[in-house]
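These notes concern the structure reproduced below.
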Amino acid sequence: MSSSFTTATARNMFYGGTLFFLLVFLALTYQTERSIPQRDRHEMLADPKVVAGKKLWETNNCIGCHTLLGEGAYFAPELGNVVKRLGSEEAVKAFIQSRPKEGIPGRRSMPQFNFTDQQLDEIAAFLNYVSQIDTAQWPPNIQG
Amino acid sequence: MQYSSQAVAKPYFIAAIALFVAQILFGLIMGLQYVWGDFLFPHIPFNVARMVHTNALIVWLLMGFMGAAYYLVPEESETELYSPKLAIALFWIFLIAAALTVVGYLAVPYATLAEMTGNDLLPTMGREFLEQPLITKGGIVVVALAFLFNITMTVLKGRKTAINTVLLVGLWGLALFFLFSFVNPHNVVRDKFYWWWVVHLWVEGVWELILGAILAFVLIKITGVDREVIEKWLYVIITLTLVTGILGTGHHYFWIGTPEFWQLIGSVFSALEPIPFFAMTLFAFNMVRRRRRDHPNKAATLWALGTGVMAFLGAGVWGFLHTLAPVNYYTHGTQITAAHGHMAFYGAYVMVNLAIISYAMPLMRGRAANSNKAQVAEIWAFWLMTVSIVLITLFLTAAGILQVWLQRLSDNPLPFMVAQDQVSLFYWMREWSGLVFLIGLVIYVWSFFIRGEEKAA
Amino acid sequence: MSTRRLDIVWLGLMAATALTWTIGRNCGASPLAASAALAIAALKAWAIIEDFMALRGVAFAWRAPVLGWLLAALAAILLPYWLGLR
Amino acid sequence: MTAPAVPDARQPYPPGDLAIWVFILAELAVFLVLFAAYAFARLKHLALFNEMQLTLDSRAGMLNTLLLITGSWCVARAVAAIRASRARISARWLMAAILTGIGFLIVKAFEYGAKFSAGIDLETNLFYTFYLSLTMFHAMHVALGMVILAFVWHKARRGGYSAADHRGMETGASYWHMVDLVWVVLFPLVYVLR
C-alpha cells in the first residue's frame, strides 16, 4: 500500500487543492460583494438612527437570547421580521418599554433596558431595516 | 516526555479542564433557565450565562490546542521549545484576560462593559461567540502571535515533519481568521458574511487541521505505526477537509441576504463535509488495529478512537441533517442547530483535547500511563460524558423537529413562546442528561488524583 | 496500451462527439434523441475510463468507484429526465 | 515499434499516485452531486431550462468536447511515449495537451464574454446559476489540470521521467483524464438534452 502512495504527492495535493478552492471562494466572495447592494437595502443605512440602533443591538447583547435572520441564541423569538409580526415600529417600542423590571415569575422574560425614547426609536429603526433585507423569503412564516 | 520544555503544556491543560468545568456549570444554568424561565433572573440573565458558556468553551479549547502544541512540537521537531519562559508568560496573560472578561460579563451589565472597555473606539462587541471586549480581543491577538512566534521558531530550528507543518498551517490559519472579528460593518448582510469567516472557517476549516495533527501525533505514539503511513493519510484527510469546507461556508449564506447561488454551492459542498470525518474514523481504527505495540494508556486510545466516531456523528451526520438548503429553510434558527452544535463541538474538539491531555499528563507526571484504577475511572468518565452528549443531542433534535412542525410546518403555526412551552419536556430531559455529563466530568477530573501501581515512564 | 489502439479510440471519440452534436442540432426535443445522445456519452465516458485512464487492467477495487460514478451520473440525469417526460 | 504491451495480471493500483485518485474520487463526487442538482432543478423548471438551453452556443460546447478529448488522447500518448523511453516525444505530447487546454479556455472565454456582455450573470435565472456554476467550476479544473501538466512537462523536458520511473506523469495524466471525463458527461447534460 505504501509504495504506491507517497507523502509528497499527498502534500502537493493538499497545497494545490486548498489554494484552488480558496481562489474559487474569493471569486464567489467578489461576486457576492457585487450583488449584495441589490438585496441589502443599504440606502436605509443613511439614516443615523439605524446605525445607532445596530450599536444598541450589539452593546445590549440582544443576540444572547434572540436570533437575527436565524443566527444567534434560540431562547427568544426571531427578530428579523418582528416589525412585521407585531405590526409596526411603535408596537416594538411599546413591547420593549413595557418589560417588567423583576421579570415574570416562572417564565422567560426580557430584561428592562430603560431605553430613552431616542434609543427606542433607534432600535426600532434598526429592526425595521433588517426586516427589509431580501432573505430569499425566509422565515417560512410570520412567526419566524 | 523527551524534552524538559514540554512540561510547559501542563498549566495549559490544567487551566483548560478548569474552564471546561466552568463551561459545563453555566451550561446547566442555561439548561435550567430553558424550563424555569426566571431562574437567577435578573442576576445572571440567559444571555450572560450563554456568553460565559460559549466563551469558556472556545477559550478552553484554545488553551488545550496551545498546550497540545507546546507538548508535541518539541517532540516532533526533536529540539527544545524556543522560549519556555515566553510560553509561561503568555499562559498567565491569556488566563487573566479570560478571567477578567468573565468577571466583566457577570459583574456589570453588558452595555456598561462596552462603555468601560472602549467599544466606542472600534465597535466589535455584541456578536455571537465574539462578545469579548475590544481589549480582550487585542489581548487574544497578542497572545496568539507570540504563541505562533514561539512555536514557529521551534519548528524552524528542528526537524520538519508533516504533523508540525499541518499544525502550523492550522494555527496560523486560526490567528489569521480571528482578525475578521474586528470587521463589523454597519451593513448587517456584510457583517454576517464576514462573521462566518471567523466562525465557519475556524471550526469547519483550520480547526480540523489542528484536530488532524493532534490526532495523528497521538496515534503515532499509541500505535507505533510508522510515521510515513500516518502522515500520508493526514494529508489526504485535511485535503478533503478544505476541499469541502472552504466552499462549504456557503451553507451559512442561504438566508442572510447573500445572493441565492450560495444555496446551490453551499448545499453541494457542505453535503460532502462528512467525508473527511468518515475517513478520519477509518484511519483511526485502521491504525489501532495495525498497532505494533500495546501502549499501557488505554484511556487515551479510547479518546482517540472516540474522537473519530463522535466527530463523524456530531459534525458529519448531524451536520448533514440540516445542511441542504430546502431542509435548512425550515430548520434554520431552531433547536436542530443547537443539537448539531453540541455533538459537533464535543465530538470533534473536546474529545481530541481530552485525548492529548489523557496521553500527555501521565508522561508529564513521570509515568507511561496512569494506574489501572485511574484509567478505569477515566473510561467511566468517557462513556458518561459521551452518552450524555448523545442524549442531549437526541433530545434537542426531538425538540427541534417538534418546534419546526409547530412553528413553521403546521397549517396554523404557533408563536415562538407557545411552541417553546410545547417542547419543554425535551428541555427537562436535556437538563438531566447535562447532570450526567457533569458527573462524568467530575469523575474525569477525579481520575487524575487516583494513585495506584503505575508503570514508570 | 499500444499507441495504435489509443489513436483508434481517439478517432472513435471524435466521431461520437460529432454524432452527438448533429443529433442535438437536428432532432431537438425528442426523448429518442436525448437518450441516444446520453448513450453515446456513456460509451465515450466508458472508453475514456478504460483506455485513456488505463483502468482496464486495474483491480476491481479501484475500477469500481469510477465506473460506478459513471452509472450514478447517468442515473442521476436519466431519472429526472424521464420523470420530466411524464 | 508499437509492440503491444500486453496488460499483465491485474495491477493492484491505478496508474499514478493513489493520493490523486482519492482527490479524483472526491471531485467526481462533487460533480455527481452538481449533475443531480442540475437534473432535478431542470425537472422543476422544465420550460425555463429548455428555453434557456437554446441561448447556449452548442457549437462552442462541441468544439470544447473535441478539444478536451484530443487533450486526453495527447496525454495518453505522452504516457505511452515515456514507457518507450522517448522522453522528448513524451514532452511534445504533453505540450500538445496543454495547447488543447488553452484552446478550451479561449473558447470558454468567448462564450462567457458573450453571456456577460448580454448582461447574463450568476443570478439572471436558475438555469444560468447552474450553467455558470457548473461550467466555471469545470473550467477552473481545466486550468488546474494545465498547471499540473505544465509541471510534468517541465520535468519531462529535463529528463525527469524514464521508462522505469514515470509515476508523476501518470498522476498528472489521471487528473487530466478526470477533467475530460466530467466534461464528456456535462456536455450532453447541459447543451444537448432537451
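The values are calculated or read from the model by the stated rules, or taken from the named source; none is laboratory data. These figures come from a predicted structure and were not determined experimentally. Note that each Cβ is placed from the backbone with ideal geometry, even for glycine, and that neighbours are counted across all protein chains shown.
Looking only at the stretch B:214-235, decide whether some residue is polar (S, T, N, Q), in a helix (DSSP H, G or I) and under 30 Å from B:Lys137 (Cα atoms). Write out each step before concluding.
So the first thing to find is which residues in the stretch B:214-235 are polar (S, T, N, Q), and the list is B:223.
Next cut, in a helix (DSSP H, G or I) only: B:223.
Checking the rest, the ones that are also under 30 Å from B:Lys137 (Cα atoms) come to none.
No, the stretch B:214-235 contains no residue that is polar (S, T, N, Q), in a helix (DSSP H, G or I) and under 30 Å from B:Lys137 (Cα atoms).
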Fill in: Matching residues in the stretch B:308-345 - criterion: being of a type outside the set (Val, Ile, Thr), in contact (Cβ under 8 Å) with a residue 12 or more places away in the chain and outside any helix (DSSP H, G or I)
B:His322, B:Leu324, B:His332
Item to complete: Within the stretch C:4-26, identify whether any single residue is surrounded by fewer than 17 Cβ atoms within 10 Å (Cβ to Cβ), under 27 Å from C:Arg86 (Cβ atoms) and in contact with a Lys or Arg (Cβ under 6 Å, 6 or more places away or on another chain), and answer yes or no.
Response: no
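Condition check ((1) in contact with a Gly (Cβ under 7 Å, 6 or more places away or on another chain); (2) under 25 Å from D:Asp165 (Cα atoms); (3) crowded, with 20+ Cβ neighbours inside 10 Å) across all residues:
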site	(1), (2), (3)
D:Leu18	no, yes, yes
D:Ile24	no, yes, yes
D:Phe49	no, no, yes
D:Arg59	no, no, no
D:Leu67	yes, no, yes
D:Gly71	yes, yes, yes
D:Ala78	no, yes, yes
D:Ile82	no, yes, yes
D:Ala91	no, yes, yes
Response to the item:
Picking from B:Val404, B:Val387, B:Val317, B:Val350, the residue that is farther than 30 Å from B:Leu240 by Cα and not basic (Lys, Arg) would be B:Val404
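Do the conditions hold for D:Val147, that is, is it of a type in the set (A, V, I, L, M) and either in contact with a Gly (Cβ under 8 Å, 6 or more places away or on another chain) or within 21 Å of B:Phe261 (Cβ to Cβ) (or both)? I'd like the intermediate steps shown before the answer.
Numbers: of a type in the set (A, V, I, L, M): yes; either in contact with a Gly (Cβ under 8 Å, 6 or more places away or on another chain) or within 21 Å of B:Phe261 (Cβ to Cβ) (or both): yes.
Taking the combined requirement at face value, the residue satisfies it.
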Worksheet item: Within the stretch D:105-122, is there a residue that is surrounded by fewer than 22 Cβ atoms within 10 Å (Cβ to Cβ), in a helix (DSSP H, G or I), within 12 Å of chain C (Cβ to nearest Cβ) and among the charged types (D, E, K, R)?
Response: no
Worksheet item: Restricting attention to the stretch A:126-141, does a residue exist that is of a type in the set (A, V, I, L, M, F, W, C), surrounded by fewer than 21 Cβ atoms within 10 Å (Cβ to Cβ) and more than 7 Å from every other protein chain (Cβ to nearest Cβ)?
Response: no
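For the structure I just gave you, tell me whether B:Tyr105 is more than 14 Å from chain A (Cβ to nearest Cβ) and of a type in the set (Ser, Thr, Tyr). Steps first, answer last, please.
Details: more than 14 Å from chain A (Cβ to nearest Cβ): no; of a type in the set (Ser, Thr, Tyr): yes.
Taking the combined requirement at face value, the residue does not satisfy it.
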Discussion item. Out of B:Gly248, B:Gly257, I need the residue that is touching a Phe, Trp or Tyr at 6+ places or on another chain (Cβ under 6 Å) and buried (at least 24 other Cβ atoms within 10 Å of the Cβ). Which one?
Written reply: B:Gly248
Discussion item. Regarding the stretch C:57-70, can at least one residue be identified that is among the small types (Gly, Ala, Ser), in contact (Cβ under 8 Å) with a residue 12 or more places away in the chain and at the interface with another protein chain (Cβ under 7 Å from one of its Cβ atoms)?
Written reply: no
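On the basis of being under 21 Å from B:Thr54 (Cα atoms), out of contact with any Phe, Trp or Tyr (no Cβ under 9 Å at 6 or more places or on another chain) and assigned to a helix (DSSP H, G or I), does B:Phe395 make the cut?
Values: under 21 Å from B:Thr54 (Cα atoms): yes; out of contact with any Phe, Trp or Tyr (no Cβ under 9 Å at 6 or more places or on another chain): no; assigned to a helix (DSSP H, G or I): yes.
Spelling it out, it is not the case that B:Phe395 is under 21 Å from B:Thr54 (Cα atoms), out of contact with any Phe, Trp or Tyr (no Cβ under 9 Å at 6 or more places or on another chain) and assigned to a helix (DSSP H, G or I).
Here's the yes/no breakdown for (1) free of Cβ contacts under 8 Å to residues at least 12 places away in the same chain; (2) in contact with a Ser or Thr (Cβ under 9 Å, 6 or more places away or on another chain); (3) over 19 Å from B:Trp60 (Cβ atoms):
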position	(1), (2), (3)
B:Ala99	yes, no, no
B:Gly104	no, yes, no
B:Gln132	no, yes, no
B:Ile135	no, yes, yes
B:Leu145	no, no, yes
B:Thr152	no, no, yes
Item to complete: Could you please tell me which pairs satisfy a Cβ distance under 7 Å, a separation of 6+ or placement on different chains, a first residue in the stretch D:16-28 that is on the phi > 0 side of the Ramachandran plot, and a second residue that is assigned to a helix (DSSP H, G or I)?
Response: D:Gly16/D:Arg167; D:Gly16/D:Glu170; D:Gly16/D:Thr171; D:Gly16/D:Ala173; D:Gly16/D:Ser174
Worksheet entry | Flag for C:Arg25 being basic (Lys, Arg), within 9 Å of chain D (Cβ to nearest Cβ) and not in a helix (DSSP H, G or I) | no
Practice prompt. Could you run through the stretch D:87-104 and say how many residues are touching a residue at least 24 places away in the same chain (Cβ under 8 Å) and either among the aromatic types (Phe, Trp, Tyr) or in a loop (DSSP other than H, G, I, E, B) (or both)?
Written response: 1
Worksheet item: If you check B:Gly245 against the conditions, is it assigned to a helix (DSSP H, G or I), under 18 Å from the mean Cα position of the chain (by Cα) and within 12 Å of chain A (Cβ to nearest Cβ)?
Response: yes
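Can you list the helices (runs of 4 or more DSSP H) lying wholly within the stretch A:1-99 that have 1 or more residues being of a type outside the set (Ser, Thr, Tyr), outside the structural domain of A:Ala125 (by TED's automatic domain parsing) and buried (at least 20 other Cβ atoms within 10 Å of the Cβ)?
Details: elements: A:7-35, A:48-59, A:82-86, A:89-97.
Where helices (runs of 4 or more DSSP H) fall fully within the stretch A:1-99 and carry at least 1 residues being of a type outside the set (Ser, Thr, Tyr), outside the structural domain of A:Ala125 (by TED's automatic domain parsing) and buried (at least 20 other Cβ atoms within 10 Å of the Cβ), they are A:7-35.
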Worksheet item: Going by the conditions given, is B:Val189 farther than 19 Å from B:Gly67 by Cβ and either modelled with pLDDT of 95 or more or surrounded by fewer than 18 Cβ atoms within 10 Å (Cβ to Cβ) (or both)?
Response: yes
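If we keep just the residues of the stretch B:248-282 that are of a type in the set (Phe, Trp, Tyr) and free of Cβ contacts under 8 Å to residues at least 24 places away in the same chain, which is nearest to the other protein chains (Cβ to nearest Cβ)?
Applying the first criterion (of a type in the set (Phe, Trp, Tyr)) to the stretch B:248-282 yields B:253-255, B:261-262, B:269, B:277-278.
Next cut, free of Cβ contacts under 8 Å to residues at least 24 places away in the same chain only: B:261-262.
Numbers: B:Phe261: 5, B:Trp262: 7 Å.
Going through the qualifying residues, I end up with B:Phe261.
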Fill in: Output for the stretch B:302-351, where each listed residue is polar (S, T, N, Q), within 14 Å of chain A (Cβ to nearest Cβ) and over 24 Å from B:Phe261 (Cβ atoms)
B:Thr334, B:Gln335
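Look at D:Val182 and say whether it is within 13 Å of the chain's Cα centre (by Cα) and surrounded by fewer than 17 Cβ atoms within 10 Å (Cβ to Cβ). Before you say what the answer is, go through the steps one by one.
Numbers: within 13 Å of the chain's Cα centre (by Cα): yes; surrounded by fewer than 17 Cβ atoms within 10 Å (Cβ to Cβ): no.
Taking the combined requirement at face value, the residue does not satisfy it.
Looking only at the stretch B:363-381, decide whether some residue is within 19 Å of the chain's Cα centre (by Cα), modelled with pLDDT of 95 or more and either buried (at least 19 other Cβ atoms within 10 Å of the Cβ) or in a helix (DSSP H, G or I) (or both). Can you show your working first?
At the first step, the residues of the stretch B:363-381 found to be within 19 Å of the chain's Cα centre (by Cα) are B:381.
Imposing the further condition that a residue be modelled with pLDDT of 95 or more reduces the set to B:381.
Add one more test, that the residue is either buried (at least 19 other Cβ atoms within 10 Å of the Cβ) or in a helix (DSSP H, G or I) (or both), and what stays is B:381.
Checked the stretch B:363-381: at least one residue is within 19 Å of the chain's Cα centre (by Cα), modelled with pLDDT of 95 or more and either buried (at least 19 other Cβ atoms within 10 Å of the Cβ) or in a helix (DSSP H, G or I) (or both).
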Worksheet item: Does the stretch B:110-125 contain any residue that is more than 14 Å from every other protein chain (Cβ to nearest Cβ) and within 23 Å of the chain's Cα centre (by Cα)?
Response: no
Worksheet item: Out of curiosity, is A:Val92 of a type outside the set (D, E, K, R), touching a helix residue (DSSP H, G or I) at 6+ places or on another chain (Cβ under 8 Å) and more than 9 Å from chain B (Cβ to nearest Cβ)?
Response: yes
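Which one of these is touching a residue at least 24 places away in the same chain (Cβ under 8 Å), assigned to a helix (DSSP H, G or I) and more than 7 Å from every other protein chain (Cβ to nearest Cβ): C:Leu32, C:Leu79, C:Leu74? Write out each step before concluding.
Working: C:Leu32 fails: touching a residue at least 24 places away in the same chain (Cβ under 8 Å); C:Leu79 fails: touching a residue at least 24 places away in the same chain (Cβ under 8 Å).
Result: C:Leu74 is the single residue among C:Leu32, C:Leu79, C:Leu74 that is touching a residue at least 24 places away in the same chain (Cβ under 8 Å), assigned to a helix (DSSP H, G or I) and more than 7 Å from every other protein chain (Cβ to nearest Cβ).
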